[in-house]
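Participant: Can you read through this structure? Questions will come right after.
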Amino acid sequence: LLAGAAAAVFIGWRTRVWSVILCATTVYWFLLDPLMYSDDFYLITLMTVLLAWLPVNRWMSADRRLGREPRETVFGWQVWLIKAQIFLVYFFSGIAMLNGDWLSGAPLVERFATSNVALLAESGTQITVVIAWLIALFNLGVGFLLIWNRSRPFALVAMTLFHALDLLWLKIGVAPWLMWAFSFTFCAPNWPRRIFNWLEPALHKLPAATAVGTRSEERRVGKECR
């Protein structure tokens, strides 16, 4: 049920119903066993709670394409609500790292050892301390860099490198994928439209698109003749 709800929300089909089901099943799964708790699972739960009442079935959704949803835009504060959630995750993650244990690099040495990053695990304190401080500073500042238009491109590049290293070195689950994907909500609201408009001429040249366009034109002409 959870997988089906996620698929329905992803394509935007009957979103108002399925987003509530997705939220309920995610929260239920989250509360089944406290031993399954993780930061990324907690973030997923928070986001599904937001999706349950935010209008996420606009523009390219199946609801919009099938005529069930007449609107294709959302209010600015609704986008800023997602931005605020991501900002808080980064900022308070950085605040939590401002302690002697993390800044000494001890957790990273242990993590590198379990992740088979032998070079960093054996390098002692100097490299791991530098990395620990860089990670703390990154989490504290990346939210502000994403908000400011001029620094956003550099922040997106830094986030991509940071989360790629998370996946390769620290192996901390799906959190890097989630935070990297959510970071694009800080970009201009029309960036998906611009990409789609840029790709549209090439998409129309595909054989499948040409066949669909031909059949649509034939149906339109047939209706006019009748």
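Participant: Within the bounds of the stretch 51-63, is there any residue that is under 30 Å from Ile147 (Cβ atoms), in a helix (DSSP H, G or I) and touching a helix residue (DSSP H, G or I) at 6+ places or on another chain (Cβ under 6 Å)?
Facilitator: Checked against the condition, which is being under 30 Å from Ile147 (Cβ atoms), in a helix (DSSP H, G or I) and touching a helix residue (DSSP H, G or I) at 6+ places or on another chain (Cβ under 6 Å), the stretch 51-63 yields at least one hit.
Participant: Taking the condition within 26 Å of the chain's Cα centre (by Cα), at pLDDT 90 or above and not basic (Lys, Arg), does Phe138 pass? Break it down into steps so the answer makes sense when it comes.
Facilitator: Values: within 26 Å of the chain's Cα centre (by Cα): yes; at pLDDT 90 or above: yes; not basic (Lys, Arg): yes.
When the stated conditions are applied, Phe138 passes them.
Participant: What are the pairs, 6+ residues apart or on separate chains, where a residue within the stretch 35-54 that is closer than 19 Å to Val74 by Cβ and among the β-branched types (Val, Ile, Thr) has its Cβ under 7 Å from a residue that is open to solvent by less than 60 Å² (accessible area, probe 1.4 Å) and in a helix (DSSP H, G or I)?
Facilitator: So the pair list comes out as Thr48/Leu22; Thr48/Cys23; Thr48/Thr26; Val49/Cys23.
Participant: Which condition from (1) of a type in the set (A, V, I, L, M); (2) touching a Gly at 6+ places or on another chain (Cβ under 7 Å); (3) within 20 Å of Trp80 (Cα to Cα) is the one that Ala62 breaks?
Facilitator: Going through (1) of a type in the set (A, V, I, L, M); (2) touching a Gly at 6+ places or on another chain (Cβ under 7 Å); (3) within 20 Å of Trp80 (Cα to Cα) one by one, Ala62 breaks only (3).
Participant: Can you name the condition, by its number, that Ile172 falls short on among (1) free of Cβ contacts under 8 Å to residues at least 60 places away in the same chain; (2) of a type in the set (A, V, I, L, M, F, W, C); (3) under 20 Å from Gly105 (Cα atoms)?
Facilitator: (1)
Participant: Further, regarding this structure: If a residue must be open to solvent by 50 Å² or more (accessible area, probe 1.4 Å) and either among the polar types (S, T, N, Q) or in contact with a strand residue (DSSP E or B) (Cβ under 8 Å, 6 or more places away or on another chain) (or both), how many such residues does the stretch 50-92 contain?
Facilitator: Here the count works out to 1.
Matching residues to (1) farther than 25 Å from Thr73 by Cα; (2) in contact with a Lys or Arg (Cβ under 6 Å, 6 or more places away or on another chain); (3) at pLDDT 90 or above:
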| position | (1), (2), (3) |
| --- | --- |
| Asn149 | no, no, no |
| Leu170 | yes, yes, no |
| Trp177 | yes, no, no |
| Pro192 | no, no, no |
| Pro207 | yes, no, no |
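Participant: The conditions are (1) modelled with pLDDT of 90 or more; (2) touching a Ser or Thr at 6+ places or on another chain (Cβ under 6 Å), and Tyr90 fails exactly one of them. Which is it?
Facilitator: Unmet condition: (2).
Participant: For the stretch 15-40, which residues satisfy the criterion of being surrounded by fewer than 17 Cβ atoms within 10 Å (Cβ to Cβ) and not aliphatic (A, V, I, L, M)? Full working, then the answer.
Facilitator: Our first condition is that a residue be surrounded by fewer than 17 Cβ atoms within 10 Å (Cβ to Cβ); within the stretch 15-40, this holds for 16-17, 20, 24, 27-29, 31-40.
Of everything in the stretch 15-40, those that are surrounded by fewer than 17 Cβ atoms within 10 Å (Cβ to Cβ) and not aliphatic (A, V, I, L, M) turn out to be Arg16, Tyr28, Trp29, Asp33, Pro34, Tyr37, Ser38, Asp39, Asp40.
Participant: Could you please find all residues in the stretch 163-188 being within 15 Å of the chain's Cα centre (by Cα) and of a type outside the set (A, V, I, L, M)?
Facilitator: Hits for the stretch 163-188 are His163, Gly173, Pro176, Trp177, Trp180, Phe182, Ser183, Phe184, Thr185, Phe186, Cys187.
The values are calculated or read from the model by the stated rules, or taken from the named source; none is laboratory data. All of these numbers come straight from a predicted model, not from anything done at the bench. Positions of Cβ are backbone-derived with ideal geometry, glycine not excepted, and every protein chain shown enters the neighbour counts. For the accessible areas, the whole protein counts, side chains as well, though only heavy atoms, and no ligand, DNA or RNA atoms are used. Shrake-Rupley method; radii C 1.70, N 1.55, O 1.52, S 1.80 Å.
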